[in-house]
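*Asks:* Would you mind keeping the following structure in view while I ask a few things?
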Amino acid sequence: MGTSFKPVAAALLLCLLLPLAFAAPNDGLVRVGIKKRKFDQNNRVAAQLGSKEGDLLSASVRKYRFRGNLGDSEDADIVILKNYMDAQYFGEIGIGTPAQTFTVIFDTGSSNLWVPSSKCYFSLACYLHPRYKSSKSSTYKENGKSAAIQYGTGAISGFFSEDNVKIGDIVVKDVQFIEASKEPGITFLVAKFDGILGLGFQEISVGNAVPVWYDMIEQGLINEPVFSFWLNRNADEEQGGELVFGGVDPNHFVGEHTYVPVTEKGYWQFDMGDVLVGGKSTGFCSGGCAAIADSGTSLLAGPTAIITEVNHAIGATGVVSQECKLVVSEYGETIIRMLLAKDEPLKICSQIGLCEFDGSRGVSMGIRSVVNENFEKAVHATSEAMCSACELAVVWMQNTLKQNETQEQILNYANDLCDRIPSPMGESVVECAGLSTMPNVSFTIGGKVFELTPEEYVLKVGEGPAAQCISGFTALDVPPPRGPLWILGDVFMGRYHTVFDYGNLRIGFAEAA
């Protein structure tokens with residue numbers, strides 16, 4: 001019996017978590033606790049409605065559109081946010097004196113703090129969440145600089161203000177944050193969070209605002225310039241995890257951390273090695289790949305070619321791509337011959353006429369129409385799909401050739417992979433009853449292999465016969481020179497306690513306790 005797939009972007013979130021902040025024991029650490037809240041029908045409806053407003057996967061790609069110069073003026077005041085269903089760990093903070101309470105996502109993939117403003121008059125979402133009232137705070141300082149945060153098809157816009165921010169049991173003074181005066185779209189109507197507290201670097205901050213955790217360090221409020229995440233993935237336990245500022249809690253991990261240097265400030269980016277499925281190398285990142293640790297993303301995202309192979313290995317089913325099957329059928333043997341002849345893989349698809357770009361320069365395919373603009377657009381869209389399918393096939397066949405498979409075996413394998421290409425939302429489903437037969441998937445970081453079992457990389461949505469199991473691997477393509485890129489979200493960070501060490505510009509991973 002085949003797996004039915006419902007259009008649930010809710011796959012990106014097992015549970016929503018309700019915030020709980022509390023003071024630390026007397027160990028010099030500042031703690032923000034996280035409490036779980038079960039997924040409900042409102043979240044599912046919101047996800048379905050939200051998906052109709054724009055391509056959420058494209059929004060994720062736009063968030064990670066690494067530009068050559070982080071200070072480019074055209075991008076300086078824009079940072080892309082994810083759909084709220086991608087972020088599941090929430091905490092409680094206070095802004096102002098006396099403190100006004102807000103629930104925020106602690107997101108290492110962005111760098112600004114924003115909450116709804118009392119001056120948000122024309123967005124219904126603002127009336128369903130607490131709103132910051134500057135007139136009620138004795139420590140408020142006017143700033144007024146405008147700000148915009150792009151979100152899918154709309155944008156959160158507002159202005160900067162300054163006030164004190166209470167996190168755990170400490171108060172950070174004169175923090176720059178955004179008062180959101182406009183929150184369009186269905187997403188924020190039912191969102192369980194009020195705002196975002198970014199934990200990325202200032203290099204990607206909207207308006208070049210100083211991130212709140214920079215202020216914590218500058219004001220001497222924490223022992224060390226370090227923060228760490230423990231995300232509790234045990235669905236039977238009430239506590240959702242803990243974010244610790246100023247160091248690490250030894251109760252949150254087992255053994256020693258493996259540290260790797262931050263390769264580029266902005267996101268918490270580092271170099272990752274090979275990806276293994278069932279203990280066997282995929283070969284895709286054997287030469288190294290860039291990766292980002294992102295607490296604001298539920299799943300684990302990577303290049304479409306390798307994600308498709310992983311989903312094939314675990315039996316996940318996506319959307320059948322007819323273009324992919326056509327490429328394998330019509331051009332598969334040609335691609336294999338060209339690979340055996342040692343032709344450059346990046347140029348193969350342009351050489352057989354399916355791509356306008358050969359890896360180094362544009363080449364004309366001569367597809368033009370002046371008769372009908374819509375027809376021209378349709379042709380262009382089809383040619384792009386064929387090009388993408390060809391590029392995927394080249395990667396798959398190149399990897400399979402290394403295993404000394406026959407031509408028939410290679411073509412059959414590539415054809416099977418076409419069935420595993422993730423849906424336009426990026427997600428794929430698996431049979432809940434099949435976890436015991438799925439392989440482990442591993443990532444090489446700092447020379448050490450970090451393994452995920454099926455129980456850890458498969459997300460379960462719902463209970464009983466109506467439950468759906470979602471692959472924790474989703475497709476996201478970032479082109480060279482910044483890519484290929486992996487986003488290690490909560491699926492990975494739940495298994496591995498993660499330390500963000502600003503003082504030494506490094507990231508550490510250890511087995512979570």
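The values are calculated or read from the model by the stated rules, or taken from the named source; none is laboratory data. Values in this document were obtained by computation on a predicted structure and should not be read as measured data. Don't worry about glycine lacking a Cβ; one is built from the backbone with ideal geometry, like all the others, and counts go over all protein chains shown. These area figures cover heavy atoms from the full protein model, side chains too; ligands, DNA and RNA do not enter into them. Shrake-Rupley method; radii C 1.70, N 1.55, O 1.52, S 1.80 Å.
*Asks:* Within region 124-137, can one find any residue that is open to solvent by less than 20 Å² (accessible area, probe 1.4 Å) and either in contact (Cβ under 8 Å) with a residue 60 or more places away in the chain or within 26 Å of the chain's Cα centre (by Cα) (or both)?
*Replies:* Yes, that holds for at least one residue.
*Asks:* Also: Does at least one position in region 499-513 carry a residue that is in contact with a helix residue (DSSP H, G or I) (Cβ under 6 Å, 6 or more places away or on another chain) and at negative phi?
*Replies:* Looking for residues that are in contact with a helix residue (DSSP H, G or I) (Cβ under 6 Å, 6 or more places away or on another chain) and at negative phi, one finds at least one in region 499-513, hence yes.
*Asks:* Further, regarding this structure: Can you tell me which residues in region 446-481 are among the polar types (S, T, N, Q) and in contact (Cβ under 8 Å) with a residue 40 or more places away in the chain?
*Replies:* GLN468, SER471, THR474
*Asks:* Is it true that some residue in region 183-190 is open to solvent by 40 Å² or more (accessible area, probe 1.4 Å), assigned to a strand (DSSP E or B), touching a residue at least 24 places away in the same chain (Cβ under 8 Å) and farther than 22 Å from LEU505 by Cβ?
*Replies:* No, there is no match, as no residue in region 183-190 is open to solvent by 40 Å² or more (accessible area, probe 1.4 Å), assigned to a strand (DSSP E or B), touching a residue at least 24 places away in the same chain (Cβ under 8 Å) and farther than 22 Å from LEU505 by Cβ.
*Asks:* With the structure loaded, tell me whether LEU411 is over 29 Å from ILE105 (Cβ atoms) and open to solvent by less than 50 Å² (accessible area, probe 1.4 Å) or whether it fails that test.
*Replies:* Criteria met by LEU411.
*Asks:* Check every one of the strands (runs of 3 or more DSSP E) wholly within region 440-513 and list those with 2 or more residues that are touching a Pro at 6+ places or on another chain (Cβ under 9 Å).
*Replies:* Strands (runs of 3 or more DSSP E) meeting the threshold: 473-475, 485-488, 506-512.
*Asks:* Is there a residue being touching a residue at least 24 places away in the same chain (Cβ under 8 Å) and within 30 Å of ASN223 (Cα to Cα) anywhere in region 431-445?
*Replies:* Checked region 431-445: at least one residue is touching a residue at least 24 places away in the same chain (Cβ under 8 Å) and within 30 Å of ASN223 (Cα to Cα).
*Asks:* Something else about it: Please list, ordered by first then second residue, the pairs with beta carbon atoms under 6 Å, 6 or more apart or interchain, first in region 378-391 and modelled with pLDDT of 70 or more, second surrounded by 15 or more Cβ atoms within 10 Å (Cβ to Cβ) and among the charged types (D, E, K, R).
*Replies:* ALA385/GLU323; MET386/GLU323; ALA389/GLU323
*Asks:* State yes or no: is TYR140 farther than 30 Å from LEU299 by Cα, touching a residue at least 12 places away in the same chain (Cβ under 8 Å) and open to solvent by 60 Å² or more (accessible area, probe 1.4 Å)?
*Replies:* yes
*Asks:* Continuing with this model, one more query. For region 200-210, check the following and say yes or no: at least one residue is within 23 Å of GLY508 (Cα to Cα), small (Gly, Ala, Ser), open to solvent by less than 10 Å² (accessible area, probe 1.4 Å) and in a strand (DSSP E or B).
*Replies:* So far as region 200-210 goes, no, none of its residues is within 23 Å of GLY508 (Cα to Cα), small (Gly, Ala, Ser), open to solvent by less than 10 Å² (accessible area, probe 1.4 Å) and in a strand (DSSP E or B).
*Asks:* Please go through region 452-497 and give me each residue that is out of contact with any Lys or Arg (no Cβ under 8 Å at 6 or more places or on another chain) and open to solvent by 40 Å² or more (accessible area, probe 1.4 Å), ordered by number.
*Replies:* Passing the criteria: GLU455, LYS460, GLU463, GLY464, PRO465, ALA466, ASP477, PRO479, PRO480, PRO481, ARG482, PRO484.
*Asks:* Next up: Does region 139-148 include one or more residues that are more than 22 Å from ASP215 (Cβ to Cβ) and within 23 Å of the chain's Cα centre (by Cα)?
*Replies:* yes
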